[in-house]
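A short worksheet on the structure shown next.
The values are calculated or read from the model by the stated rules, or taken from the named source; none is laboratory data. These numbers come from a predicted model, not from an experiment. Cβ atoms come from the backbone with ideal geometry, glycine included; neighbour counts cover every protein chain shown. Accessible surface is based on the protein model in full, side chains and every heavy atom, while ligands, DNA and RNA are left aside. Shrake-Rupley method; radii C 1.70, N 1.55, O 1.52, S 1.80 Å.
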Amino acid sequence: MKTKIVVLLCLGAGAGAAIIPPGSELQVRLTSEATSEKPSGQAVSGVLIAPVLLNGSPVISAGARLSGKTADAASAKAATDSAPEQAATLRIDFTTITDQAGHSQPLSCVLDAVDNSRETVTQAGLITGVSVSKTYEGMLDQGLAKLSGQFGSLISSVKDALLKDVDPSIDYKAGVELRVKLTKDLNWSAAAEQSTVGAITPRALAALVTTLPFRTVAQKPAKPSDLINVMFIGTQEQVQGAFKEAGWLTSAELSGISRMQTAQAIIEDRGYSEAPMSVLFLDGRPPDMMYQKSTDTFNMRHHIRVWMQPQKFDGEPVWLGSATHDTGITISPVSHNFTHGIDPNIDTERTKVVNDMLLTGHVRAMAMVERPGAPQGITNATGDKVQTDRKLAVLEF
């Protein structure tokens, strides 16, 4: 079957004078802190990390800046004899958007979600923090409170030595990513910036892609698992530098220490930014690089495994990546152990990686490659369904 190369439509420049309707989504990365532990009215800023599309064409380019203020900031309060426990709250209100050319307009939007976070967001955009009493650590404290005497004191001492108290505050540092939705028309009169990212030579790329593997294999048991959905062309330093600049962190190796830190993160209801990944093999080899991006919970994260290939393209190293989005902890129907469940639509995670790499400014050329021979309607090694259009995103640094 013939391999087909297409250039992503989002690379072109959009037309000016567009009316972007309510409900349109904006993907934003914070460039300042937003916290429930400071009074409302703190300045907050962010950057658009994906272009805003209208009828498939970009009207606002990634890199545009958003600014606004916090509201409804309140710290968490423990339960008392006269009042129930209160979770922390926070609102992030962006009111202005400015593109890289300096064009600025008022913005009316509402926060829709905080990426990979433990907090919840209401339809009105209010962020509500965790209730300590409902966390594993909180329930453990409640159980220990029922114990008495020397035994109870001993168990409490062991718990205090191994675990930290849950921090119920909402504290988003620069780098946390959000999704906001317009609540009113945005009359955008400036054109989207012209992209400097070119296309990759179709014939040579098609010939290379036909030689590449489609799918990874799990370690124990050895079962087919995740699909390859991203390819990078460039040196190891270029790949590593781009992921670092985009806010992705390396994953720790599986060990007794990392397993203990994982357990602590789950019990303490907090993030573990370098949490280990299970080992998947490609052509019999473990990954050369593993990266992830999370916020403040172990349950959810973006992650990718990357393998160097023996082939080269235009004299440059070739790397294959398998990117998926962990969306929660489940019990695997295959292994019957706790594992991360993934978003079945792995194309969304492919787009996430592409947009993050483009925003760094280090991508010289790109293409989408159709692979008719790639499997469809499959499950990974832990039993999660996988949906894909079977295209490979190719980025040349």
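Of everything listed in (1) outside any loop (DSSP other than H, G, I, E, B); (2) open to solvent by less than 60 Å² (accessible area, probe 1.4 Å); (3) touching a Phe, Trp or Tyr at 6+ places or on another chain (Cβ under 9 Å); (4) in contact (Cβ under 8 Å) with a residue 24 or more places away in the chain, the single unmet condition for Tyr272 is (1). Applying the condition of being among the aliphatic types (A, V, I, L, M) and assigned to a loop (DSSP other than H, G, I, E, B) to segment 351-397 and asking which residue is farthest from Leu53 (Cα to Cα) yields Ala381.
Exactly one residue out of Ala113, Ala174 is assigned to a loop (DSSP other than H, G, I, E, B) and modelled with pLDDT of 95 or more, and it is Ala174. Taking Gln238, is it open to solvent by 60 Å² or more (accessible area, probe 1.4 Å), out of contact with any Ser or Thr (no Cβ under 6 Å at 6 or more places or on another chain) and within 21 Å of Leu359 (Cβ to Cβ)? Taking the combined requirement at face value, the residue satisfies it.
When Gly361 is tested against the conditions (1) open to solvent by 20 Å² or more (accessible area, probe 1.4 Å); (2) in contact with a strand residue (DSSP E or B) (Cβ under 7 Å, 6 or more places away or on another chain); (3) small (Gly, Ala, Ser), the lone failure is (2).
Report whether or not Leu227 is hydrophobic (A, V, I, L, M, F, W, C) and surrounded by fewer than 21 Cβ atoms within 10 Å (Cβ to Cβ). No, not satisfied.
For the condition open to solvent by less than 70 Å² (accessible area, probe 1.4 Å) and either of a type in the set (Asp, Glu) or touching a helix residue (DSSP H, G or I) at 6+ places or on another chain (Cβ under 9 Å) (or both), what is the one hit in Glu177, Glu193?
Answer to the selection: Glu177.
Counting only strands (runs of 3 or more DSSP E) that sit completely within segment 30-74, those holding 2 or more residues that are more than 24 Å from the chain's Cα centre (by Cα) correspond to 65-74.
For segment 124-151, a residue qualifies if it is at pLDDT below 85 and either in a loop (DSSP other than H, G, I, E, B) or hydrophobic (A, V, I, L, M, F, W, C) (or both), and the qualifying residues are Thr135, Met139, Leu140, Leu144, Ala145, Lys146, Leu147, Ser148, Phe151. For residues that are in a helix (DSSP H, G or I) and small (Gly, Ala, Ser), scanning just segment 202-224, find the one that is surrounded by the most Cβ atoms within 10 Å (Cβ to Cβ). Checking each candidate, the answer is Ala206. Counting only residues that are closer than 30 Å to Lys312 by Cβ and β-branched (Val, Ile, Thr), segment 157-212 holds 7 of them. Scanning segment 79-99 for residues that are in contact with an Asp or Glu (Cβ under 6 Å, 6 or more places away or on another chain) and open to solvent by 40 Å² or more (accessible area, probe 1.4 Å), we see that the one that is modelled with the highest pLDDT is Arg91. If only residues of segment 101-123 that are within 24 Å of the chain's Cα centre (by Cα) and either more than 26 Å from Thr348 (Cβ to Cβ) or free of Cβ contacts under 8 Å to residues at least 24 places away in the same chain (or both) are counted, the one that is least open to solvent (accessible area, probe 1.4 Å) is Val121.
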